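The values are calculated or read from the model by the stated rules, or taken from the named source; none is laboratory data. Small disclaimer: the values here were computed from a predicted structure and weren't measured. Neighbour counts run over all protein chains shown; Cβ positions are idealised from the backbone, glycine included.
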Amino acid sequence: MSHPTAARFTLLALLGVSLSPAFADETSAGGASIGESFSIAQAEYDQALALTPDLENGRRTYLTCAVCHRPEGWGTADGTYPQIAGQSRTVIVKQLADIRARNRDNPLMYPFSLPRILGGPQQIADVAAYVAQLPMTAHNGQGPGIDLELGGPLYAEHCAKCHGERGEGNETDHIPAIAGQHYPYTMRQFDAIREGRRKNSDPKMVKQIHGFTSREQAAVLDYASRLPLPPEKLAPEGWTNPDFPAYVREPMGLPPMPTISPAPPSGMMEIPPFPSLPAYPTTTTPER
Ligand code: HEC
Ligand code: HEC
């Protein structure tokens, strides 16, 4: 087991941040009621999306994020860190605004989302645009692959209308793409959404998943983790992000990226054939 907090504290020290004052006086929604923190986030969302993103500044800003989400934005297959590469700009902006307004609990990332480190709506717009254009890995963490016949129909009936038939999400309505996302991460989010711990979740989704058994949850998220990504979103095999050529992946001999769950059993990668979807159209479909 590595030391999940060591890298974080070192990073905080490098950035000149001490954790407790950051929590005490920099809560952007400091002491705000839930209603207030939602309007703070909404205002920031609107502002950021009205701005023209500066990709070069987004790249510079992303250096902070790369420590956890990796330079490629692929996160970790164990789901500790989600894949954010290729996610919709609107979703990234909303999550950043929500996390710092504390509408979504993320104690690990919270200090890095604060205005003092991340900046204002312009930086949010910049980094979101940068992350959205990063190519994705198809080697995301997947489920055990044992219940896909159950998962497929559940997905079509309960999820596709919002997250899209191919798990591509919906940019206009800031619904996250879940294809390519790590299975252990989506399992954790699903729990948090169902139990009301993820305060920024969609009430309609909460209703939709209310009656799901744990077997159904695992099956539908396993299915979603195997939805094929559109070829134009995929990184070539072996790709590393050329924007960070000198990135030191283990700075100062820090332990490797923290892992929460034990490594998946080795049988996990033997995937039964995926239920076939029609081929991707060669022209890109217009946004809904
Ligand atoms: C200290 C580690 C850390 C740093 C630094 C960090 N993040 Fe995160 N981020 C996380 C973790 C952990 C989660 C998932 C939390 C959870 O499970 O709810 C997350 C979640 C997210 C999400 C939500 C993804 C989704 O699918 O909803 C976005 C977007 C995101 N981070 C973007 C960023 C950006 C942009 C930066 C840099 C400005 C950044 N993060 C810096 C750890 C970090
Ligand atoms: C009514 C629309 C709706 C339906 C139906 C719905 N979702 Fe969602 N889902 C959302 C929205 C919107 C979010 C993001 C909430 C936010 O943070 O703003 C979300 C978030 C998620 C997340 C977290 C993604 C992330 O990147 O953090 C997962 C996982 C998820 N949904 C899975 C499912 C599955 C599986 C189903 C079907 C069983 C489903 N959803 C049905 C709208 C929906």
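Looking at (1) within 14 Å of ligand 2 (Cβ to nearest atom); (2) in contact (Cβ under 8 Å) with a residue 24 or more places away in the chain, which one does residue 164 not meet, given that it meets all the others?
Evaluating residue 164 over (1) within 14 Å of ligand 2 (Cβ to nearest atom); (2) in contact (Cβ under 8 Å) with a residue 24 or more places away in the chain leaves (2) as the failure.
Based on this model, can you work out whether residue 221 counts as in contact with a strand residue (DSSP E or B) (Cβ under 8 Å, 6 or more places away or on another chain) and not assigned by TED's automatic domain parsing to the domain that holds residue 95?
Considered against the rule, which asks whether it is in contact with a strand residue (DSSP E or B) (Cβ under 8 Å, 6 or more places away or on another chain) and not assigned by TED's automatic domain parsing to the domain that holds residue 95, residue 221 comes out as no.
Can you say whether residue 270 is at pLDDT below 65, farther than 20 Å from residue 87 by Cβ and away from ligand 1 (no atom under 15 Å from the Cβ), as far as the supplied structure shows?
So residue 270 fits the description; yes.
Identify, from the list 67, 131, the residue that is in contact with a Cys (Cβ under 8 Å, 6 or more places away or on another chain) and either within 8 Å of ligand 1 (Cβ to nearest atom) or in the same structural domain as residue 175 (by TED's automatic domain parsing) (or both).
131
What pairs can you find where one residue is in the range 55-82 and farther than 21 Å from residue 120 by Cα, the other is modelled with pLDDT of 95 or more and basic (Lys, Arg), and their Cβ atoms are less than 7 Å apart, with a gap of 6+ or different chains?
Partner pairs satisfying both residue conditions: 79/188.
Please work out which residue is surrounded by the fewest Cβ atoms within 10 Å (Cβ to Cβ), limiting yourself to the range 200-225 and to residues that are among the charged types (D, E, K, R) and touching a helix residue (DSSP H, G or I) at 6+ places or on another chain (Cβ under 7 Å).
Applying the filter and picking the extreme gives 216.
Could you check the range 8-96 for helices (runs of 4 or more DSSP H) lying wholly inside it with 3 or more residues that are modelled with pLDDT under 60?
19-25
Conditions (1) under 24 Å from residue 167 (Cα atoms); (2) within 6 Å of ligand 1 (Cβ to nearest atom); (3) in contact with a strand residue (DSSP E or B) (Cβ under 6 Å, 6 or more places away or on another chain), marked per residue:
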| position | (1), (2), (3) |
| --- | --- |
| 47 | no, no, no |
| 51 | no, no, no |
| 55 | no, no, no |
| 58 | no, no, no |
| 72 | yes, no, no |
| 77 | yes, no, no |
| 81 | yes, yes, no |
| 84 | yes, yes, no |
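Taking only pairs six or more apart or across chains, which ones have beta-carbon atoms under 7 Å, a first residue in the range 196-223 that is within 22 Å of residue 106 (Cα to Cα) and touching a residue at least 12 places away in the same chain (Cβ under 8 Å), and a second residue that is aromatic (Phe, Trp, Tyr) and buried (at least 16 other Cβ atoms within 10 Å of the Cβ)?
Sorted first by the residue in the range 196-223, then by its partner, the pairs are 221/183; 221/190.
Mind counting the residues in the range 151-178 that are surrounded by 17 or more Cβ atoms within 10 Å (Cβ to Cβ), among the hydrophobic types (A, V, I, L, M, F, W, C) and away from ligand 1 (no atom under 12 Å from the Cβ)?
Summing the residues that are surrounded by 17 or more Cβ atoms within 10 Å (Cβ to Cβ), among the hydrophobic types (A, V, I, L, M, F, W, C) and away from ligand 1 (no atom under 12 Å from the Cβ) in the range 151-178 gives 2.
For (1) without any contact (Cβ under 8 Å) to a residue 40 or more places away in the chain; (2) within 23 Å of residue 180 (Cα to Cα); (3) within 12 Å of ligand 2 (Cβ to nearest atom), each residue gets a yes or a no:
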residue	(1), (2), (3)
94	no, yes, yes
99	yes, yes, yes
113	yes, no, no
117	no, no, no
122	no, no, no
129	no, yes, no
